[in-house]
Amino acid sequence: MMVAAEQRDEMGQAILQMRNISKTFPGVTALKAVNFDLAPGKVHALVGENGAGKSTLIKILSGAIPKTSGEIFIDGNLVEINNPSEAQSLGIAVIYQELMLAPALSAGENILLGRFPRRLKFFIDRKAMFRTAHQLTRLLGLNIDLAVPVQLLTIAQQQMIEVAKALSLDARIIVMDEPSAVLTPHELNRLFQVIAELKQQGVAFIYISHRLEEIFRIADRVTVLRDGEVQGTRLISQVNRDQIINMMVGREIQFSKTESTQASHDNIVLEVKNLKSEFISEPIEFELYRGEILGIAGLVGAGRTELVRAIFGADRKLSGEIFIEGKPVTINSPSDAVKHGLGLVPEDRKGQGLLPDLAVFENMTITNLKKFTAGWFIKKKQELDTASSYVQQLQIRLSSVKQNVTSLSGGNQQKVILARWLDTNAKIFIFDEPTRGIDVAAKAQIHQLMRQLIEQGASIIMISSELPEILEMSDRILVMHEGKITGKLDRAEATEERIISLATQ
């Protein structure tokens, strides 16, 4: 779709033009003649459902995958981008939703990886390296020890390291794929300030986000993709939220506040007493009732993920007791948790949830594989049929359940993990950031699935950094700050202001 004349005037001279970009994979057309323009000093939002083609378009721009057809122009000059190094040489930096860091290297080394300053040609000038890295992290308001291995940082801190790495390239075009998914409001505000400062220097941004409120806050223009095709490009001042959603999904999405389940407080399904772990120093106590959604709110680093990992046996407990339906249980490993009817959808689906070398159907059935075995043999047809039924139930977009799980979009990968726990018939579900990186249609679908689980007698613990989601979905809310529970709120008394106050005290 060509850009209207008045939009070209507003945009000015394009720094980037992508013309008739198409991409086909075996059996799948991912992009169909996509046109996309980017102006210097502007933020151009790229939105669409999971599987709409956003990531494919960005991977072509970054040189990660080749295009099937089409042309790319930088400053009006036709270019070929065959690999990421060529993209960087053209001033293009990409911050992917799934972080691309070397976990064993320090934060400072990751920022300048492959471009270390040298002395006497052969030796890395580590002082200069850390000095440059410090300048970049200070710009982002990130106060961390740059000598610490990046794998020991929080997900939010790792995200900011990715931003610092992009800034270190002196890029003219910066692509941000869901940069805010794990950032606190303070970190997000600082990121937006940095973007505004770089815009003044002529840096252009492609900003991908499922949080439409961010699009209206930061973007100058927005392009909507659906099923690999451009549905429209608009000035942000000339479009509203409902119009964007309609272009994204081709239909209206109904949003409504979840009614309280009014779970019986006489039926405690899970009770945690005096729980401490290697990452939680203060004793934690709470109850989960049958048929309720218990939300856990707090800022990044508050200890929410560490709490549920300790309950699930993924982190070592130092003390405390766990009761399920009134009976004490021992959970020292995730396999113990599964035996007692718990399921965990982790925050880091790539690092902790998926088995990247396996197919979609294998990722779905791996936890309950004994269901599909007869002696030494696996009942492959039953396994494939089960996976296909979850694909239909959860509306997972793929060409085959036999394809590698990493070939799916982030939202569809999340649904694969959900299918895994549905297949175990778990009764207590722990959802850690269940809609992180999920588009509006998939988010509504996952929320509906959670409601269905409750109606079927399950109970849910849900961690979310999105306060509207916490308020919409939760029957009760625990608020955490620095590893402690600082408040317990019933649905009727919970407000964003009260939660923020408890999360920052």
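Listed by chain and number, the lysines placed with their C-alpha closer than 19 angstrom to that of residue 199 are 42, 165; residues fewer than eight positions away on the same chain are left out.
Can you give the convex hull volume of the alpha carbon atoms of the range 98-165 per residue, in Å³? Numbers along the way, then the final one.
Numbers: hull volume 5.2 nm³, N = 68.
Dividing the Cα hull volume of the range 98-165 by its residues yields 77 Å³.
Taking the Cα centre of the range 98-165 as origin and assigning +1 to Lys and Arg Cβ atoms and -1 to Asp and Glu Cβ atoms, the resulting dipole is close to 480 debye.
Under 5 Å between amide hydrogens, which residues at least 5 positions from residue 494 or on another chain qualify, with H placed 1.01 Å from N in the peptide plane? Amide H to amide H, under 5 Å and 5 or more residues apart or across chains, residue 494 pairs with nothing. When we measure straight from the Cα of residue 443, which lysines land under 16 angstrom away, once same-chain ones fewer than 8 places off are left out? Straight-distance partners of residue 443: 257, 415. Footprinting exposure proxy ranking of 119, 304, fewest other C-beta atoms within 10 angstrom first, gives 119, 304.
By count of other Cβ within 10 Å, fewest leading, how are 376, 421 ordered?
376, 421
3J(HN,Hα) along the range 51-64, derived from phi through the Karplus expression 6.51 cos²θ - 1.76 cosθ + 1.60 where θ = phi - 60°, amounts to x, 6, x, 4, 5, 4, 4, 5, 5, 5, 4, 7, x, 6 Hz, with x in place of Gly and Pro.
By how many nm would the segment from residue 267 to residue 75 grow when fully extended, if each residue of separation counts as 0.36 nm and the alpha-carbon distance is taken off? Please report the intermediate quantities before stating the final value.
Numbers: separation 192, 0.36 × 192 = 69.12 nm, distance 6.56 nm.
Extra length from residue 267 to residue 75 when fully extended: 62.6 nm.
DSSP finds beta bridges in the chain, and of those with both partners inside it, around 60 percent are antiparallel.
The ratio of the alpha-carbon radius of gyration of the range 268-503 to the globular-protein estimate 2.2 N^0.38 Å is 1.01. Per residue, the chain reaches -9500 deg cm²/dmol at 222 nm when only DSSP H runs of four or more residues are counted, each adding -39500 (n - 2.57).
Taking 8 Å as the Cα distance limit and 6 or more residues as the minimum spacing, I'd like the relative contact order of the chain as a percentage.
On the way: 977 pairs, mean separation 78.9, N = 505.
For the chain, the relative contact order is 16 percent.
Each residue of the range 31-47 is assigned a 3J(HN,Hα), and the resulting list reads 9, 10, 6, 7, 10, 8, 10, 9, 9, x, x, 10, 10, 10, 7, 10, 10 Hz, derived from the Karplus form 6.51 cos²θ - 1.76 cosθ + 1.60 (θ = phi - 60°), x at Gly and Pro.
Modelled spin-label separation between residue 496 and residue 121, with each label point placed 7 Å from Cα along the Cα-to-Cβ direction: 5.9 nm.
For residue 125, nonlocal amide neighbours, meaning residues 5 or more places apart or on other chains whose placed amide H falls under 5 Å from its own, are 118, 119.
Rank the residues 130, 323, 205 as a footprinting-exposure proxy: fewest other Cβ atoms within 10 Å of their Cβ go first.
Details: 130 19, 323 15, 205 22.
Ordered by Cβ neighbours within 10 Å, fewest first: 323, 130, 205.
Cross-link partners for residue 488 among the lysines, with Cα-Cα distance under 20 Å and sequence neighbours closer than 8 places in the same chain left out: 273, 276. Taking only the alpha carbons of the chain, we obtain Rg and Dmax values of 23.5, 73 Å in that order. Using θ = phi - 60° in the Karplus curve 6.51 cos²θ - 1.76 cosθ + 1.60, the 3J(HN,Hα) couplings for the range 440-449 round to 4, 5, 5, 4, 4, 5, 5, 4, 5, 4 Hz; x is entered for Gly and Pro.
Bear in mind that the values in this text are calculations on the coordinates, not laboratory data. Note that the coordinates shown come from a computational prediction; the quantities given were computed from them, not determined experimentally. We place every Cβ from the backbone using ideal geometry, glycine too, and count neighbours over all the protein chains shown.
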